[in-house]
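Written below as structure tokens is the structure these notes are about.
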Amino acid sequence: MPSDRPPPVIRIDAGGSGMQVALAGDWTLQGLCPLPEGLRRELAVAPPEGTWNLAGVTRLDSFGAVLLWRHWGRRRPARLDLPEALAPVLARAEALPGGDLPAEPGYRFLDGTAQLGRAVHAALHHLLGFVALVGHILIGLGGLLRRRDYWPLREISANFYKVGVRAMPVTALVGFLIGVVMSYLSALQLRAFGADAFIVNILGLGIIRELGPVLVSVLVAGRSGSAMTAQLGVMRVTEEIDALTAMGISRHVRLVLPKVVALTLAMPLLTLWGSAVAILGGMVSAYVQLGMSFDYFLNALPRAVPAANLVIGLGKGAVFGLLIALVACYFGLRVRPNTESLSANTTASVVASITVVILVDAVFAIATRSIGLPYG
Amino acid sequence: MSTFPVELRGVSTRFGKQWIHRGIDLAVPAGEVVALVGGSGSGKTTLLRQMVGLLHPAEGEVKVFGERLDAGSRHEQLARRRRFGMLFQHGALFSAFTVFANIAFPLREFGVRDEGLLRDLVLLKMAMVELEPDVALRMPAELSGGMVKRVALARALALEPELLVLDEPTAGLDPDLSSAFVELIRSLHRALGLTVILVTHDLDTLAALATRVAVLSAGRILAFGTLDEVTNVRDPFIDRFFHGARSQAALARGLGAG
């Protein structure tokens, strides 16, 4: 605190005509917050009905004025000696409205019911919105069928690179490690039964048919789905989407369609890549744990896993990719221009797409239960 | 006070290979309203951001209240930062907070804990920028451009600053709102005895508000003085900037309002 700032002081005298309260120094935010303990005690006993002498106050800001105003019970003391220079500051505090702010209503009994109703309503609303989005995309596609030179091929290609090629390293890393872990755990069990050779069946079927697509979907939903939502959301915030609309360019054709097409095409390939690396990891682990040669593993694989499983796995990949992109774009277009909405929708996008992927995976499991299982 | 609220000495700024400022010297006297003007890309806003410590010059020194912003202990730095308030061009309100919470935020951070006192202080700031109490619970997304600026100004004033830094205070406001906002800043300047530094390219605002004008061109301060002094400097940039037909009309309007 510079030396030209005298600290606030208060002096109370019991004079002839009642209490005399004299203030001096800087009554400003800097000096008064936090309120020094001594000053607080003295202020507490200073009677509002006494004589207040503010002549010694060097500076008074609105913080000091409000503090005094509240102490006086929102009334000007009957006997107040106020220098001319400080009058406008106090006048501003005096002009304060006394009433309360319009308060937020508290929680009432029926609010829970209303919340449940709103949740159901919101779920239906999301479903309708999602259907509308798909409809818009189909209409856009219909339009594109007639005007072939309008296909957003460059955008599709750019998105394909972003969601497919750039996702390969992380997919490989996670896939490899999962393959190693699965193989390691299974090998421990299988060796106890002397059923070492079945590791090929477990890894092959498990990874190609089930784990590969789901694992890659979860990774892609977290990596690319959230990025899509955030990108569309920020474009919404910066009014870029409105600019497109004003130019008469469909956001669904130009922004959503390329993402959906790119991810639908990229996901089967990523699934193939992820599954292959996971099996490689499993193979390495089987070699270390069980001494199973790569040669044997690769020869046994086609016999243990019918080719239909590969088709199912890649098909799932494509469907999951389609769903993740649609969900991501749906939430991205719902973002309103504030940061809270952006983060809420990005979270919702990732959670919803992973949930949808797992639900649809269950549907796939039931629908394909008699296909491609050698011992079914 | 003998020291200047803001003092730049030999400030040079470089973005990549391009020099934006070369050796800028500027001392802003206390209690003045200083307008920084210059063509687009002349680095007005950059200079402003250096004053509040958002950017650092490549060379030279920026002093606020006689000290560098990063001088002294953390406590002293914080105390120095709290002596100025900044109004950003687009308001920079926290979009997740209501208007009330936006204005109360710096006060709460400063340590005001009494909710009743806080409420009175926020309402007082809102009254100072001529906002009705019933906007207090609205979100920034629900406000018009003029209201966003007012709320942002109230937030900048929350800690009773001695120095107010305004980046394009009237950009994006219609002429009516803009002159009302200029009037508001002028009355606050008079009432609170603030030092104000503003960047503007709006000559109406310049003529109505500024007591001093600093003209920035080609990386240097071309002229610094009252509007009359500055317009009388013979320089091709100043000729173009102040003596065009449109500029003359705008200056006359602003002076009429002022």
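Every read-out reported here was derived from the displayed coordinates using simple, explicitly stated rules and does not represent laboratory data. All figures in this text were calculated on a predicted structure; none of them were measured in a lab. No Cβ is skipped: glycine too gets one built from the backbone with ideal geometry, and neighbour counts run over all protein chains shown.
Work out the length of the dipole vector of the protein assembly as shown about its Cα centre, built from +1 on the beta-carbon of each Lys and Arg and -1 on the beta-carbon of each Asp and Glu, and round it to the nearest 20 debye.
That gives the protein assembly as shown a dipole magnitude of about 1680 debye.
Once the piece of chain linking A:R369 and A:R40 is laid out straight, how much longer is it, given 0.36 nm per residue of separation minus the C-alpha distance between them?
Separation in residues times 0.36 nm, less the Cα-Cα distance, equals 110.7 nm.
Which order do A:R334, B:R246 fall in if you start with the one that has the fewest other Cβ atoms within 10 Å?
Fewest-to-most Cβ neighbours within 10 Å comes out as B:R246, A:R334.
Which one, A:V180, B:I185, B:L124, projects farthest toward the positive side of the charge dipole computed for the protein assembly as shown from Cβ point charges (K/R +1, D/E -1)?
About the Cα centre, the residue reaching furthest to the positive side is A:V180.
Is the shape of segment A:258-376 best called rounded, prolate or oblate, per the rule: a/c under 1.5 gives rounded, else a/b larger than b/c gives prolate, else oblate, with a ≥ b ≥ c the square roots of the Cα gyration tensor eigenvalues?
Prolate, because a/c is 1.5 or more and a/b exceeds b/c.
Rank these for me by crowding, B:H189, A:H121, going from fewest to most other beta carbons within 10 Å.
If I rank by nearby Cβ atoms, fewest first, I get A:H121, B:H189.
Quick one: dipole size for chain A, taken about the Cα centre, charges +1 on Lys/Arg Cβ and -1 on Asp/Glu Cβ, in debye to the nearest 20. Intermediate results must be reported in sequence, preceding the final value.
Values: 31 positive and 23 negative charges, 216 e Å.
Dipole magnitude for chain A comes out near 1040 debye.
Between A:L127 and A:A14, how high is the FRET efficiency from 1/(1 + (r/R0)^6) when r is the Cβ-Cβ distance and R₀ = 56 Å? Nearest 0.05.
Rounded to the nearest 0.05, the efficiency is 0.15.
What nm value, rounded to one decimal, do you get for the distance between B:S12 and A:R5 when each label is placed 7 Å out toward the C-beta?
3.6
Taking springs between alpha-carbon atoms closer than 10 angstrom, which of B:S217, B:S12, B:S247 fluctuates most in the Gaussian network model of chain B?
Looking only at B:S217, B:S12, B:S247, the largest GNM fluctuation is found for B:S247.
What FRET efficiency comes out for A:R74 versus B:T211 if R0 is 35 angstrom and r is the Cβ-Cβ distance? Round to the nearest 0.05.
About 0.40, to the nearest 0.05.
Which one, A:P152, A:L96, A:A328, is farthest towards the positive end of the dipole of chain A when Lys and Arg carry +1 and Asp and Glu -1 on their Cβ?
A:P152
In peptide A:330-339, what is the residue-averaged number of other protein chain Cβ atoms found within 10 Å of each Cβ?
2
Taking amide H positions as placed 1.01 Å from N in the peptide plane, with prolines and chain starts having none, which residues 5 or more places from A:N53, or on another chain, fall under 5 Å of its amide H?
A:V21, A:A22, A:L23, A:D81
Where both residues lie in the protein assembly as shown, what percent of DSSP beta bridges are antiparallel, nearest 5?
50
Could you check the simple spin-label distance between A:M168 and B:R83, using points 7 Å along Cα→Cβ, in nm with one decimal?
In this crude spin-label approximation the distance works out to 6.0 nm.
Quick one: Debye curve from the alpha-carbon atoms of segment A:162-298 only, equal weights, vacuum; give me log10 I(q)/I(0) at q = 0.12, 0.22 Å⁻¹ to two decimals.
-0.57, -1.17
Want the number for B:E59 to B:E132: 0.36 nm per residue separation, take away the alpha-carbon distance, what's left?
That works out to 21.7 nm of additional length.
Tell me, in nm to one decimal, what length is gained between A:Q115 and A:A195 on full extension, where the rule is 0.36 nm per residue of separation less the Cα-Cα distance?
The span from A:Q115 to A:A195 would gain 23.3 nm if fully extended.
log10 I(q)/I(0), Debye, Cα-only segment A:125-367, no solvent, q = 0.12 Å⁻¹?
One equal scatterer on each Cα of segment A:125-367 leads to -0.71.
How large is ³J(HN,Hα), in whole Hz, for each residue of segment A:161-168 in order, when computed from phi with the Karplus curve 6.51 cos²θ - 1.76 cosθ + 1.60 and θ = phi - 60°, using x for Gly and Pro?
Ordered by residue, 3J(HN,Hα) equals 4, 5, 8, x, 4, 6, 8, 5 Hz.
Can you work out the FRET efficiency for the pair B:R253 and A:E340, with r the C-beta to C-beta distance and R0 = 41 Å, to the nearest 0.05?
My answer for the efficiency is 0.50.
In peptide A:57-67, what is the residue-averaged number of other protein chain Cβ atoms found within 10 Å of each Cβ?
The mean count of partner-chain Cβ atoms within 10 Å per residue comes to 4.
Residue by residue, what Karplus-based ³J(HN,Hα) values in Hz, rounded to whole numbers, does segment A:284-295 have, using 6.51, -1.76 and 1.60 with θ = phi - 60° and x for Gly and Pro?
4, 5, 5, 5, 5, 7, 10, x, 7, 6, 4, 4
In vacuo Debye scattering of the protein assembly as shown, one point per C-alpha: log10 I(q)/I(0) at q = 0.11 Å⁻¹?
Debye curve over Cα of the protein assembly as shown, log10 I(q)/I(0) at q = 0.11 Å⁻¹: -1.11.
Which order do B:L198, A:L144, B:L157 fall in if you start with the one that has the fewest other Cβ atoms within 10 Å?
A:L144, B:L157, B:L198
Please find, in a Gaussian network model of chain A (springs between Cα atoms separated by less than 10 Å), the residue of A:S353, A:S224, A:S62 whose mean-square fluctuation is greatest.
Largest GNM mean-square fluctuation: A:S62.
Give me the one-decimal Kirkwood hydrodynamic radius in Å for chain B, with the sum taken over alpha-carbon pairs.
On the way: mean 1/r = 0.0526 Å⁻¹.
About 19.0 Å, per the Kirkwood formula over Cα pairs.
Enter the mean number of other protein chain beta carbons within 10 Å of the beta carbon of each residue in B:119-128, as an integer. Intermediate values should be presented prior to the final figure.
Details: counts 4, 12, 9, 1, 8, 9, 2, 2, 6, 3.
Per residue, the average neighbour count from other chains is 6.
Step through the residues of segment A:172-180 one at a time and calculate ³J(HN,Hα) from phi using the Karplus curve (6.51 cos²θ - 1.76 cosθ + 1.60, θ = phi - 60°), rounding each to whole Hz and writing x for Gly and Pro.
Along segment A:172-180, the couplings run 5, 4, 5, x, 4, 5, 5, x, 4 Hz.
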